[in-house]
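Structure record follows, encoded as structure tokens.
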Amino acid sequence: MRAMSRNGRKKKVAAKLRPQRSVKDRIADEQEEIRAEIEGSFQPGEELAEGWQERDSPAERELREVEFFNRELLLDRLRQISDALERLEEGKYGLCVECGRKIGSKRLRIDPAAALCLRCQQAAESVQAR
């Protein structure tokens, strides 16, 4: 068995000493980032003028559709984050909303807003794929 290098031990100790941000802080930070991105992407203006759709080139229409789709994804993620904060306040954070089992800690580290355990997530995805 290979001994851990001195540098490796230092990194491991340093990682343990680093203050861990709370789940609530991580989720709230992501919520603020998404809100800022949504607000930054909303540009009222020409769309409000009558006939703007006819003046758009095909490239402009495609760009507008992509921006709309991206905005919908951001709004969906914002909803997931709000739901996670609500579960946190209710003391239900980390429990699958479908089956009530614990959601794995690795899964929650990757996605702190995860609402489903891995088994229920896979089941939901297989239903969607049909």
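Do you know which residues across segment 99-108 are of a type in the set (D, E, K, R) and either part of a helix (DSSP H, G or I) or under 18 Å from Lys24 (Cα atoms) (or both)?
Just the residues of segment 99-108 that are of a type in the set (D, E, K, R), to begin with: 101-102, 106-107.
Across segment 99-108, the qualifying residues are Lys102, Lys106, Arg107.
I'd like to verify a number: residues in segment 82-130 that are under 12 Å from the mean Cα position of the chain (by Cα) and either in contact (Cβ under 8 Å) with a residue 60 or more places away in the chain or more than 15 Å from Ser22 (Cβ to Cβ) (or both), how many? If you could, list the steps in order and put the result at the bottom.
We begin by selecting, within segment 82-130, every residue under 12 Å from the mean Cα position of the chain (by Cα); these are 82-84, 108-115.
Cutting the leftovers down to either in contact (Cβ under 8 Å) with a residue 60 or more places away in the chain or more than 15 Å from Ser22 (Cβ to Cβ) (or both) gives us 82-83, 108, 110-115.
Qualifying residue count, segment 82-130: 9.
Can you give me the number of residues within segment 109-120 that are closer than 17 Å to Arg77 by Cα and either modelled with pLDDT of 95 or more or part of a loop (DSSP other than H, G, I, E, B) (or both)? Explain how you work it out, then say what you get.
If we filter segment 109-120 for residues that are closer than 17 Å to Arg77 by Cα, which is where we start, we get 109-116.
Checking the rest, the ones that are also either modelled with pLDDT of 95 or more or part of a loop (DSSP other than H, G, I, E, B) (or both) come to 111-116.
Matching residues across segment 109-120 total 6.
Take the residues of segment 77-98 that are of a type in the set (A, V, I, L, M, F, W, C) and not in a loop (DSSP other than H, G, I, E, B): which is nearest to Ala36 (Cα to Cα)? Show your work before the answer.
Step one: filter segment 77-98 for residues of a type in the set (A, V, I, L, M, F, W, C), giving 78, 81, 84-85, 88, 95-97.
Subset that is not in a loop (DSSP other than H, G, I, E, B): 78, 81, 84-85, 88, 95.
On the way: Leu78: 11, Ile81: 14, Ala84: 19, Leu85: 18, Leu88: 23, Leu95: 29 Å.
Among residues in segment 77-98 that are of a type in the set (A, V, I, L, M, F, W, C) and not in a loop (DSSP other than H, G, I, E, B), the one nearest to Ala36 (Cα to Cα) is Leu78.
The values are calculated or read from the model by the stated rules, or taken from the named source; none is laboratory data. These numbers were taken from a predicted model, which means no experiment stands behind them. Methodologically, a virtual Cβ is constructed for each residue, glycine included, from the backbone with ideal geometry; neighbour enumeration extends over all protein chains shown.
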